[in-house]
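Structure first, then comments.
Nothing in this text is a laboratory measurement; each read-out follows from the coordinates by a stated rule. As the structure is a prediction and not an experimental result, all values here were calculated from the model. Virtual Cβ from ideal backbone geometry, glycine too; neighbours counted across all protein chains shown.
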Amino acid sequence: MKQWQQIIVKKNYTLLETMQVIDASSLQFAVVVDDEQHLLGTVTDGDIRRGILRGEGLDVSIDEVMNTTPITALAGQKPYKYKQLMQKKKLKQLPIVDSAKQLIDIVFFDKWQNIGENKNSVILMLGGLGTRLRPLTNDVPKPMLKVGNKPIVETIVDSFKQHGYTNFIFSVNYKKEMIQEYFQDGEPFGISIEYIEEQKRMGTAGALSLLKERPVAPFFVMNGDLLTQINFDQLMQFHKEHEAIATMCVREYEFQIPYGVIETNGANLVNIKEKPIHRSFINAGIYVLSPEVLDFIPQSEFYDMPTLFEQLMARGKKTAAFPIHEYWLDIGQMDDFYRANEEFGRLDI
């Protein structure tokens, strides 16, 4: 079976089933065909996540979110023609069809590129006091608490390394020596690490004003107390596709009101919803920022990431939300820490 044949789905596939096909391949893409292999549409990870943001459930049919008018090319042309079209249209993949619209092949632009390490920086916020995890954090900074057999932050580093991201900046404060002694310059872990040291609490955005050099490409910012299975390549691609200045990862959070909720029209009772479930998106503590965002961060002041996003939106700058459906856990309290250790052994993190 050719590689592209692994990413064929039928239109009755659900969002979840299609996302599993995309995640199982390295191609970040799927094609939707009928029983005769006629091309019906294409689907990217971003298409699915945009559907989730619109309120689509993971059980809806993929034809609700697929691109029904993808750019295609006729079979039988010279390869350089395909390359020219992909460069002109900024395509990462190009379905090749015959005159009857049957799918013959898929060309990926990566075949013309030298694929190597991702140069985007990863900034990890590791300076928090971890007060809600005391007494565990009396002697150990929270990112160095062990989940499984290694510190939380080492697991985060390994997750980024799986996607080729090896340039790290650690923002440290509380018991910083333990972090610096363990990781050193990163060489023992196959990465490079620079340190920025907060002399006071500066928040998840304020610490970025301490960067020694301005990044030249979009960069990640992530809290150092998270475990997740998200694909960081998909996150970076989503940020670029939306031409956003800043992208925030969001997680759906639901809670049930333990009472019947009454709807009225004036004095008239019009509906009763018994113990309804409310769903909202919450900040997941993972971001992609373009370098120009740094122009909006005050120097050496406490400044949190939500405040930064509020300012960017108020100034008309384009921001994006990347919905996380993968495993995600904020190890903020003792119950979360115990849960992380229980789940870690059966998760591929």
Problem set entry | Exposure proxy ranking, count of Cβ atoms within 10 Å, fewest first, for His239, His325 | His325, His239
Exercise. Which whole-Hz ³J(HN,Hα) couplings does region 241-251 yield from phi under the Karplus relation 6.51 cos²θ - 1.76 cosθ + 1.60, θ = phi - 60°, glycine and proline marked x?
Worked result: 4, 8, 6, 8, 7, 8, 10, 10, 6, 10, 10
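Once you compute Rg and the Kirkwood Rh from C-alpha atoms, what is the Rg to Rh ratio for the chain? The partial results should precede the final answer.
Details: Rg = 23.0 Å, Rh = 22.6 Å.
In the chain, Rg relative to Rh is 1.01.
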Problem set entry | Nearest-20 debye value, the chain charge dipole, Cβ charges on Lys, Arg, Asp, Glu | 860 debye
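Over the Cα atoms of region 64-201, what is the Rg over Rh ratio if Rh follows Kirkwood? Please list the in-between numbers first.
On the way: Rg = 23.4 Å, Rh = 18.9 Å.
Using Cα coordinates only, the ratio equals 1.24.
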For this session: Taking every pair of alpha-carbon atoms in region 168-224, give the share separated by more than 14 Å as a whole percent.
Result: 57 percent
Exercise. Can you give the convex hull volume of the alpha carbon atoms of region 203-349 per residue, in Å³?
Worked result: 187 Å³
Exercise. Roughly how many debye, to the nearest 20, is the charge dipole of region 208-308 about its Cα centre, given +1 on each Lys and Arg Cβ, -1 on each Asp and Glu Cβ, and no other charges?
Worked result: 220 debye
Exercise. Please state the equivalent ellipsoid semi-axes for region 3-112: what are the square roots of 5 times the Cα gyration tensor eigenvalues, largest first, in whole Å?
Worked result: 24, 15, 12
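When the helix-only estimate is applied to the chain (DSSP H runs of n ≥ 4, each -39,500 (n - 2.57), divided by the residue count), what is the mean residue ellipticity at 222 nm, nearest 500 deg cm²/dmol? Mind showing how you got there, number by number?
Details: 9 runs with 83 residues, N = 349.
Taken over the chain, the calculation gives -7000 deg cm²/dmol.
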Exercise. How many angstrom separate the Cα center of region 1-71 from the Cα center of region 280-349?
Worked result: 27 Å
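Given the pairs Lys89/Lys317; Lys142/Lys200; Lys150/Lys176; Lys212/Lys318; Lys146/Lys275; Lys175/Lys240, which span a C-alpha to C-alpha distance of over 29 angstrom in this model? Could you put the intermediate results ahead of the total?
Working: Lys89/Lys317 25 Å; Lys142/Lys200 17 Å; Lys150/Lys176 17 Å; Lys212/Lys318 26 Å; Lys146/Lys275 39 Å; Lys175/Lys240 36 Å.
Violating the 29 Å limit, Cα to Cα: Lys146/Lys275; Lys175/Lys240.
Report, please, the projected area of region 274-349 averaged over directions, based on the convex hull of its C-alpha atoms, in nm².
Directional mean of the projected Cα hull area for region 274-349 stands at 8.9 nm².
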For this session: Find the relative contact order for the chain and round it to a whole percent, using C-alpha pairs within less than 8 Å whose residues are 6+ positions apart.
Result: 15 percent
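If the only charges are +1 at each Lys and Arg Cβ and -1 at each Asp and Glu Cβ, what is the size of the charge dipole of region 268-349 around the Cα centre, to the nearest 20 debye?
Values: 8 positive and 13 negative charges, 100 e Å.
About 480 debye.
Once the Cβ-Cβ distance between Asp139 and Ala75 is put in as r, and R0 is 51 Å, what FRET efficiency do you end up with, to the nearest 0.05?
Working: r = 65 Å, r/R0 = 1.28.
Computed FRET efficiency for Asp139 and Ala75 comes out at 0.20.
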Seminar exercise, completed: So the FRET efficiency between Ile272 and Ala314, C-beta based with R0 = 45 Å and rounded to 0.05, is 0.70
Problem set entry | Two-decimal log10 I(q)/I(0) for region 122-231, as the Debye equation yields it once each C-alpha is a single scatterer, q = 0.16, 0.19, 0.23 Å⁻¹ | -0.69, -1.00, -1.49
